[in-house]
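**Q** Structure below; questions to follow.
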Amino acid sequence: MRSRRIASVVAISAVAALVPALTPAVASANAPATTISPRTATAASLADFTGQKPRWKRCNPQDPAAFQCATIKVPLDYTRPNGRTLDIAISRVKATSDRDRRGVLLLNPGGPGGSGLDMPLYMGPELPASVKKQYDLIGFDPRGVAQSSPVSCGLTPEEGNWLRPYKAEKFAADVAWARTVAEKCRAKSGAVLPHLTTRNTARDMDVIRAVLGEKKISYVGYSYGTYLGAVYTQMFPRRTDRFVLDSAVDPARIWRGMIQVWAEGAEPAFTRWTGWTAARHTTYGLGATPSEVRQTFWDLVAQADRKPIDLEGTLLNGDDIRSARQVFFNPEWAADLVAQLKKAAETGTPATAPARRSAAPERVPSSFARAVPEDNMDAAFWSVVCADTRAWPRDPEQYRRDAIKDKVKYPLYGDFASNIKPCAFWQQGSEPATRIDNKVGALILQNEWDSQTPLVSGQGLRRVMKGARMATVLGGQGHGVYGTKSCADRTATAYLTTGRLPASDVTCQAAANPAANGLLDPAPGTPGLPIPQDRF
């Protein structure tokens, strides 16, 4: 979620999105590596769900007839399959060759809270023909998201704003905000919240597999979708075929640690930016050395605190500028933006944010779709992030101490990341987090300069998935690799079409001036801070 003060000038991609400091990030219990967990229903008791026959129909009159949607049922609580059920919306585009068809390729865009129903439609053009020959492309909205029994907390836009820098005088108000969000969610959706977990979404994926008549599934998951995919491999290893985990979440850091890693990752990106910009002082005028560029930025932050800077009608203070930490992962974008802000501060005239690419077409609401609560993405995000793990500190003073410490350690974003969140007051999820520790084959893709899942995060997933291989794009910028004409695309396509993983981890070099900067970067063409939403 972005700061509401700059929300009007931030664009979000259609493809997107997530405590190691003082508390353990992963529960000690291993998830069972079997198809049916002992905590869940037996295969026989799930027969009514796995035996469903989807009623496929055209998703939207404006879309190709081949893009079809259906709704299936899954248990809210897999330990009580005869109880309440949830709707899961699924979609498909069939493989282009009956002769070459291998099976199904499930797609997930991240989040938590990201809708994946349209992914077969907009990912289709980005995937090579050889992949589309072999797989039905399957999209789905995870439980609680969009068309899949959408959850709501009744949050106002301001309550959805969780970019809150630490201020001693405002900390009590931040604690009250976090408590209010948790209490409103519990009051409106309390019976559902404990079951909106990654483990249950993985179980839903296995129901989808069975409903589609497949013995195994293949998968491409981005960002949070990498963790969802990893949890599936842990719970259902014998149902796992070819899994591509793109821009990876570190399972050891869910979920407070993954928010904190944004601050950790921003510092080297900022340092890289100062060097890049200093080498182009004649262009940007921000300083001839990295230290001068750094000083220019922090002087600008201090000046904005004294007198906010007008960026296209939105007044930005120093904290608003710091909150745009993602932009520093693309040095050119950051230099353009900071130069504009500096000029506006000096002249008193409004700044114009750098424009990017042409805008994507707006989709017409689907006749398949139901109304979705305005706060659904926020509600779904907190539902998963808070209920997935029991490692969130419960003492508000722990957050205060961490925010103060991390603002010093990571001055750009540390206090934003470590300040209190609604999870401090959330009810526990239905079960502990999954410990990922397996030898299931998978391919992990990672840009070196990814703002949402930094390189260290992808390396963390690789450590615990011992049968996986990792392809790192050196110099790669942006969030999302496969489908961006990346140098790693060939490796991913070879794996999906042949099943062969590289013999060892591999690297490749990004193009000097890539045309794409990650699938999950901001929607192109909209003026404003060119940064993605703070999700996975």
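The values are calculated or read from the model by the stated rules, or taken from the named source; none is laboratory data. Since the structure is predicted, the reported quantities are computational estimates derived from the model, not experimental observations. Cβ sites come from the backbone with ideal geometry, for glycine too, and all protein chains shown count toward neighbours.
**Q** Evaluate region 312-335: report whether one residue or more is farther than 27 Å from N447 by Cα, part of a helix (DSSP H, G or I) and at pLDDT 95 or above.
**A** yes
**Q** Given the options D395, D375, name the one that is under 30 Å from P422 (Cβ atoms) and either within 24 Å of the chain's Cα centre (by Cα) or at pLDDT below 95 (or both).
**A** The unique qualifying residue is D375.
**Q** When region 388-406 is examined, which residues are found to be assigned to a helix (DSSP H, G or I) and of a type in the set (S, T, Y)?
**A** Y399
**Q** In addition: Please tell me if P502 is touching a strand residue (DSSP E or B) at 6+ places or on another chain (Cβ under 6 Å) and over 18 Å from T233 (Cα atoms).
**A** yes
**Q** Tell me whether region 418-426 contains one or more residues that are at pLDDT below 95 and not polar (S, T, N, Q).
**A** no
**Q** A further question on this structure: Select from region 120-151 the residues that are of a type in the set (S, T, Y) and either more than 25 Å from S383 (Cα to Cα) or surrounded by fewer than 19 Cβ atoms within 10 Å (Cβ to Cβ) (or both) and list them in ascending order.
**A** Matches in region 120-151: Y122, S130, Y135.
**Q** May I pose another question? Looking only at region 212-258, which residues are out of contact with any strand residue (DSSP E or B) (no Cβ under 8 Å at 6 or more places or on another chain) and β-branched (V, I, T)?
**A** Selection gives V231, V249, I254.
**Q** So which residues in region 440-461 are of a type in the set (A, V, I, L, M) and either surrounded by fewer than 24 Cβ atoms within 10 Å (Cβ to Cβ) or in contact with a Gly (Cβ under 9 Å, 6 or more places away or on another chain) (or both)?
**A** Scanning region 440-461 gives V440, A442, I444, L445, L455, V456.
**Q** Quick one: which helices (runs of 4 or more DSSP H) lie wholly within region 407-523 and hold at least 1 residues that are at negative phi and of a type in the set (V, I, T)?
**A** Passing ranges, in order: 455-464, 489-498.
**Q** Is it the case that V207 is touching an Asp or Glu at 6+ places or on another chain (Cβ under 9 Å), surrounded by 18 or more Cβ atoms within 10 Å (Cβ to Cβ) and of a type in the set (A, V, I, L, M)?
**A** The answer is no for V207.
**Q** Only residues that are buried (at least 21 other Cβ atoms within 10 Å of the Cβ) and touching an Asp or Glu at 6+ places or on another chain (Cβ under 8 Å): list them for region 173-192, please.
**A** Across region 173-192, the qualifying residue is only V181.
**Q** Can I ask one more? Can you tell me which residues in region 265-314 are among the basic types (K, R) and surrounded by 14 or more Cβ atoms within 10 Å (Cβ to Cβ)?
**A** Answer for region 265-314, where residues must be among the basic types (K, R) and surrounded by 14 or more Cβ atoms within 10 Å (Cβ to Cβ): R272, R280, R294.
**Q** Let me ask something additional. Do you know which residues across region 439-460 are closer than 19 Å to T233 by Cα and in contact with a Phe, Trp or Tyr (Cβ under 8 Å, 6 or more places away or on another chain)?
**A** Matches in region 439-460: V440, G441, A442, L443, L445.
**Q** Given the conditions (1) modelled with pLDDT of 50 or more; (2) outside the structural domain of G124 (by TED's automatic domain parsing); (3) of a type in the set (A, V, I, L, M, F, W, C), and given that I88 satisfies all but one, which numbered condition is not satisfied?
**A** Answer for I88: the failing condition is (2).
**Q** With S189, S148, S152 as the choices, which residue is touching a Cys at 6+ places or on another chain (Cβ under 8 Å), more than 29 Å from S97 (Cβ to Cβ) and either modelled with pLDDT of 95 or more or not assigned by TED's automatic domain parsing to the domain that holds P54 (or both)?
**A** S189
**Q** Taking the condition touching a helix residue (DSSP H, G or I) at 6+ places or on another chain (Cβ under 9 Å), at pLDDT 95 or above and assigned to a loop (DSSP other than H, G, I, E, B), does P165 pass?
**A** Criteria met by P165.
**Q** Would you be able to tell me the number of residues in region 152-178 that are under 18 Å from the mean Cα position of the chain (by Cα) and within 23 Å of T201 (Cβ to Cβ)?
**A** 2
**Q** Kindly indicate whether any position in region 155-172 is surrounded by fewer than 22 Cβ atoms within 10 Å (Cβ to Cβ) and more than 27 Å from A324 (Cβ to Cβ).
**A** no
**Q** Turning to a different aspect of this structure: Is it fair to say R99 is in the same structural domain as D136 (by TED's automatic domain parsing), assigned to a loop (DSSP other than H, G, I, E, B) and touching a helix residue (DSSP H, G or I) at 6+ places or on another chain (Cβ under 9 Å)?
**A** Yes, satisfied.
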